[in-house]
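One structure below.
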Amino acid sequence: MTDKLNELTAAGVAVWLDDLSRVRLSSGGLDKLRREKHVAGVTTNPTIFAKALSDADEYNWQLRDLAIRGVDVEEAVRMLTTYDVRWACDVMRPSYDGSAGVDGRVSIEVDPRSAHDADKTVAEAKALWWLVDRPNLFIKIPATEEGLSAITDTLAEGISVNVTLIFGLDRYSAVMEAFLTGLEQAKSNGHDLSKIGSVASFFVSRVDSEVDKRLEKIGSDQAKALKGKAAIANAQLAYERYTEVFSSDRWKALEAAGAHPQRPLWASTSTKNPDYRDVIYVEELIAPGTVNTMPESVIHAYADHGETRGDTITGAYDAARKVFADLESVGVDMADVIATLEREGVEKFEASWQELLDGVRKSLEAAGSGKGAPNKAAKGNANAAAKAGGA
């Protein structure tokens, strides 16, 4: 049988998993995906952790220890999530070593409630970097306007960054500028640029969801014919900007000093509309030097019926610009679409973070009362995960 994910990797697309849980770690599922499905990195977000902690009792032993210690809920959340991320970093370490530090990365996000507070974001990024203490960690920072300076300042500390919640082209250009400035400052600060990594997470399917809703409301045949085209066109034009920035003299000077480029990462790649092909946001976004982070369902779908047709981005720039022109002609305000998506993206992660806090608070109370006592399996998982550190 053809190894479709290997073909995708050979085309220059790093396959990353958009999920993490202690069950996935303790069962060996993550390592199996690394070995058998070419998964070369992991991304997480508050929504993923909220689900992971609500679904499994494998956190019980750690929750009980945290309850005995009397830690507050925010510290408990950080101990629980950094434990999993540290463990995942160890699982992905072969990919990190085998790619000279390019892949094998695992991301953990700063508190999304600090998305508009640059100083707080940087302080938390430094704390997370210290807590996890693994070279293949990425600190996720939202690409809000205030987040741009936080990205620069965090990179200047020698800390690797995954910039998240990028929806628009102008903001993406600002993110790349923040990256270059951060590396220049890191070099001045004496950091080894070859050890610093970064990706820019450009969201895909959410763009179609918002644009399609507006096209349906407009209702004309011309408008409806544009459904399902905005997200791919948007990402294709982002890649065009990427190639321009990372062929500049400014970048070449950093590259000569050992720096790795900030790769575009296609995020939110599961299709929200069942009428669309389930792997469309993978097949139509193939180009060298990119990352596609997928839920496990999309990874398996691509392994089953994905088609790698070579570079599907580079030759599509003019067609993508036409899509944008057509959207404007029917009355879709893309600037408003992007602003709406950024605002909602931060709000969704804030809501997930609150859900996470509320769930952990209840679990701590139950553990403290003895109702959440660890079972034998959980104790075994604790021992198996000892290399990941502890609470």
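The values are calculated or read from the model by the stated rules, or taken from the named source; none is laboratory data. Since we're looking at a predicted model, the values are computed, not measured. Here the Cβ positions follow ideal geometry from the backbone for every residue, glycine too, while neighbour counts run over all protein chains shown. To get the accessible areas, we keep the full protein, side chains included, count just its heavy atoms, and leave off ligands, DNA and RNA. Shrake-Rupley method; radii C 1.70, N 1.55, O 1.52, S 1.80 Å.
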Using a Gaussian network model on the chain with a 10 Å cutoff between Cα atoms, which of Asn60, Asn292, Asn189 fluctuates the most? Asn189
Taking the radius of gyration and the Kirkwood hydrodynamic radius from Cα positions alone, what is the Rg/Rh ratio for the chain, to two decimal places? 0.97
Taking the Cβ of Arg309 as the center, what net charge do the other residues with Cβ under 14 Å away carry, scoring Lys and Arg +1 and Asp and Glu -1? -3
Roughly speaking, to the nearest percent, how much of region 165-322's 1.4 Å accessible area is carbon and sulfur? 50 percent
Taking the Cβ of Glu184 as the centre, find all other residues whose Cβ is under 15 Å away and add up their charges (Lys, Arg: +1; Asp, Glu: -1). -3
Please report the spacing between the Cα centers of region 18-67 and region 339-357 in Å, no decimals. 21 Å
Alpha carbon centroid spacing (whole Å) that separates region 185-223 from region 292-311: 19 Å
Residues of the chain: accessible area per residue at 1.4 Å, in Å²? 40 Å²
Expected 222 nm ellipticity per residue - DSSP helices of 4 or more, -39500 (n - 2.57), all of the chain, to 500: -17500 deg cm²/dmol
Quote to one decimal, in nm, the extra length available between Tyr276 and Asp55 on full extension: 0.36 nm per residue of separation minus the C-alpha distance between them. 76.6 nm
Placing unit charges on C-beta atoms (Lys and Arg positive, Asp and Glu negative, everything else neutral), compute the dipole magnitude of the chain about its Cα centre in debye, rounded to 20. 1060 debye
How about region 141-174: which GluC sites (Glu not before Pro) there are in a DSSP loop, with at most 14 other Cβ atoms within 10 Å of their Cβ? Glu145
Sequence neighbours fewer than 8 away in the same chain don't count; with that in mind, list the aspartates and glutamates whose C-alpha is under 17 Å from Lys224. Asp208, Glu210, Asp212, Glu216, Asp275, Asp326, Glu328, Asp333
Going by the alpha-carbon gyration tensor, a ≥ b ≥ c the square roots of its eigenvalues, is region 9-140 rounded (a/c under 1.5) or, if a/c is not under 1.5, prolate (a/b greater than b/c) versus oblate? oblate
Helix 118-132 versus the longest principal axis of the chain: what angle, 0 to 90°, nearest 10, using Cα atoms? 50 degrees
Specify the angular offset, from 0 to 90 degrees and rounded to the nearest 10, of the alpha carbon long axis of helix 169-188 from the longest principal axis of the alpha carbons in the chain. 60 degrees
Carbon and sulfur atoms: what percent of the 1.4 Å accessible area of region 1-69 do they account for? 45 percent
Treating cross-link reach as a plain straight distance, find the lysines whose alpha-carbon is under 19 Å from the alpha-carbon of Lys187, omitting any fewer than eight places away in the same chain. Lys126, Lys195, Lys252
Check: region 1-124 dipole with +1 on Lys, Arg Cβ and -1 on Asp, Glu Cβ, in debye: 320 debye
Neighbour cut-off at most 14 other Cβ (10 Å), DSSP loop, trypsin sites (Lys or Arg not before Pro), region 199-290: Lys272
Relative contact order for the chain: what percent, with Cα pairs under 8 Å and sequence separation of 6 or more? 25 percent
Could you work out the relative contact order of region 233-320, using alpha carbon pairs under 8 angstrom and six or more residues apart, expressed as a whole percent? 36 percent
